[in-house]
Amino acid sequence: MGGRTPADEAQRLLDAYVAAGHNFLDTADVYGDGTSEQTLAPWLARRRDEVVVATKVRFPVSDPGGSGLAPERIERACDASLRRLGIDVIDLYQVHAPDPDVALEDTLAALDGLVRAGKVRALGASNFPAWLLAWAVAVQDREGFAPFVSLQPQYSLVERSIETEILPFCRAAGLGVLPWGPLGAGFLTGRYERGTQPPAGTRIGDAEDDLEEALHRRGTEANFRAVDEARAVADELGASVAQVAIAWLLAQPGVTAPILGPRTLEQLEDLLPAAALALTDEQVTRLGRWTAPVRGYPERMNIEQNAIDVGSVRLRRASA
């Protein structure tokens, strides 16, 4: 917002989104080098009490400069986000990715300090592998730090890697899951065809080979078959392919709220009905049959050989 979506169009999107009954807004300091946060500010001045505001810290920005999760930078980045957003407290402050140059305990202590100072209400993580997320949650529990309450991972019908370890951990530990990329960078709109080059100006068409949205990752036969299935289900329900893809994600146990990224009011209005779109169990199964992640050891052995559902392991004793 404030870049490819002009500020005035952004205000219309936000008004329509809240009018439809939704209230969670996700941004980051790195989006447009602060422009996205600044674009939200005048709208928040009118409607702050109606929404939950989430932003992130980790990547390079000009204010406060630099990058990373060193304690002093986290504090300065939080203050900068508060200024740009024009608010007194951030509802959900998320670390955008791990930082191997800073001890994790130092980062978690700094985040706890923001909560204790009243600058942040709750904490979340994004793009963490399962082992590191589990370690972070354990450290927070041991040290009495403010906990992570959510994870923002990539998750869609065409990118389901989190189903192996990350999603089961979030369910077991009680973390909300806020998937980014729920439409696979537009692949799940159904507008791409086999054997054709995506047009310039689209996320997939402009993506370099090392990006998650790159064509060689999205344009697999399995993914195209998933889109074919989504198109068939959409025809059955009188819906769009994109709506079906969002509804499938909402049907997955543990998913809290997929994060939509429409650039225009028209795109938003096409996506909003997905919140009320009910899929049958048979349709959910059909949609997912092509893209399920391949299970490796030890998941494969525990499930197939030992008949153990590791995802059902209890992490804590039952309360008295």
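The values are calculated or read from the model by the stated rules, or taken from the named source; none is laboratory data. Values in this document were obtained by computation on a predicted structure and should not be read as measured data. Glycine also receives a Cβ, built like all others from the backbone with ideal geometry; neighbour counts cover every protein chain displayed. To get the accessible areas, we keep the full protein, side chains included, count just its heavy atoms, and leave off ligands, DNA and RNA. Shrake-Rupley method; radii C 1.70, N 1.55, O 1.52, S 1.80 Å.
Here are the numbers for the structure shown:
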{"item": "Nearest-10 value in Å² for the accessible area of TYR17, using the 1.4 Å probe", "result": "50 Å²"}
{"item": "Net dipole in debye of segment 182-292 [+1 Lys, Arg Cβ; -1 Asp, Glu Cβ; about Cα centre; nearest 20]", "result": "100 debye"}
{"item": "Contact order normalised by residue count of the chain, Cα under 8 Å, 6+ apart, percent", "result": "14 percent"}
{"item": "Mean separation of Cα contacts under 8 Å, 6 or more apart, over the residue count of segment 150-280: relative contact order %", "result": "27 percent"}
{"item": "Distant alpha-carbon pairs in segment 78-207 (separation over 24 angstrom), percent", "result": "41 percent"}
{"item": "Listed residues ILE246, ILE308 arranged by accessible area, highest first, probe 1.4 Å", "result": "ILE308, ILE246"}
{"item": "For GLN152, residues with placed amide H under 5 Å, excluding near neighbours", "result": "ALA125, SER126, ASN127, LEU178"}
{"item": "Length released on extending from THR164 to ASP101, taking residue separation times 0.36 nm less the Cα-Cα span", "result": "19.9 nm"}
{"item": "Inter-part distance where segment 171-206 and segment 125-165 are each reduced to a Cα centre, Å", "result": "21 Å"}
{"item": "Over the chain: helical MRE at 222 nm, DSSP H runs n ≥ 4 each giving -39500 (n - 2.57), nearest 500", "result": "-11500 deg cm²/dmol"}
{"item": "Antiparallel DSSP beta bridges within the chain, percent to nearest 5", "result": "5 percent"}
